[in-house]
Amino acid sequence: MKSIPLIAEEQIHRWQVLHKQAPEEAKKIPVVTISREPGSGGRIVAQKLAERLGFVVFHQEVLHEMAKEAKISERVLQSLDERGLSILEDWIASLVDSRHLWPDEYLHHLMHVIGTIGKLGQAVVVGRGANFILPAERRFRVRIIAPRKLRVHHVAREFGLTEKDAERRIIKTESDRQAFVRKYFYADIADPTNYDLVVNTETFNLDHAVDVIAAAMGCVVECKL
């Protein structure tokens, strides 16, 4: 299995190549941010959506590695020219002021990494509070949800757990994600007003969820052209 740092490097390279191939088109297309309840299938939806759109997907673990490792963070920033970098700094300063944030070193790197992805576009970003970092004109915020019972069933099947252990795993993951967003962004991860679209994967299967998101995103892009 590939290490997370290697996956991060590969994703950065793919994304940079993609942007160079169609830089003008990238400016028209916002980043899709995916927040998800554990066991809702959000990670699979993100992967399928990226494949549908021809985007690069940045999962939570990859973003964490990029934010944690300053060298990787610097490589991402090298994607921007001086003007782009100054715009990114303005975004971050505005975010810090509007949310009254006091960013530590980790959040500082995370904001730069996600901000750069937002500046260049053509990406699906999973987790790490990306929907709270990117400005409105550069993101489409999606929350994937499902009833607890269904999520317990999914997690038990995926990890070979009893339903009781699967529920414990879900509760722990939910708690960790809620704490992360509360600590860094002073926000409630479950508040639907923090998203442009909330999709219930009990109502829509994963492929249909991708259809719904792609269609909604198409409407947003048309409105911004």
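Laid out as a table, the results:
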| item | result |
| --- | --- |
| Test set (1) farther than 21 Å from L107 by Cα; (2) buried (at least 17 other Cβ atoms within 10 Å of the Cβ) - R138 fails condition number | (1) |
| Every residue from region 159-213 that is among the acidic types (D, E) and out of contact with any Leu (no Cβ under 6 Å at 6 or more places or on another chain) | E163, D165, E167, E174, D176, D188, D191, D196, D207, D211 |
| Number of positions in region 139-174 that are among the hydrophobic types (A, V, I, L, M, F, W, C), in a helix (DSSP H, G or I) and more than 22 Å from the chain's Cα centre (by Cα) | 5 |
| Neighbours by Cβ (under 8 Å, 6+ apart or cross-chain): first from region 144-156, more than 15 Å from T203 (Cβ to Cβ); second surrounded by fewer than 15 Cβ atoms within 10 Å (Cβ to Cβ) and β-branched (V, I, T) | A156/T162 |
| Hey, D207 touching a Lys or Arg at 6+ places or on another chain (Cβ under 8 Å), farther than 15 Å from G39 by Cα and not in a helix (DSSP H, G or I) or not | no |
| Any hit, region 195-202, residues being at pLDDT below 95, surrounded by 22 or more Cβ atoms within 10 Å (Cβ to Cβ) and closer than 16 Å to A50 by Cβ | no |
| Contacts under 8 angstrom Cβ, first residue in region 158-183 being closer than 26 Å to N194 by Cβ, partner of a type in the set (G, A, S), 6 or more apart | I170/G39; R177/G127; Q178/A190; F180/G129; V181/G129; V181/A187 |
| Selected residue [in contact with a strand residue (DSSP E or B) (Cβ under 7 Å, 6 or more places away or on another chain), closer than 20 Å to Q60 by Cβ and not aliphatic (A, V, I, L, M)] from R138, R151, R182, R177 | R138 |
| Every pair of residues 6+ apart whose Cβ atoms lie under 8 Å, when the first sits in region 112-136 and is in contact (Cβ under 8 Å) with a residue 24 or more places away in the chain and over 19 Å from E65 (Cβ atoms) while the second is among the small types (G, A, S) and buried (at least 24 other Cβ atoms within 10 Å of the Cβ) | N131/S35; L134/G115 |
| Subset of region 175-197 (residues that are in a helix (DSSP H, G or I), among the β-branched types (V, I, T) and in contact with a helix residue (DSSP H, G or I) (Cβ under 8 Å, 6 or more places away or on another chain)) | V181 |
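The values are calculated or read from the model by the stated rules, or taken from the named source; none is laboratory data. No experiment lies behind these values; they were computed from the predicted model shown. Using ideal geometry, Cβ is built from the backbone for each residue, glycine included, and neighbour counts are taken over all protein chains shown.
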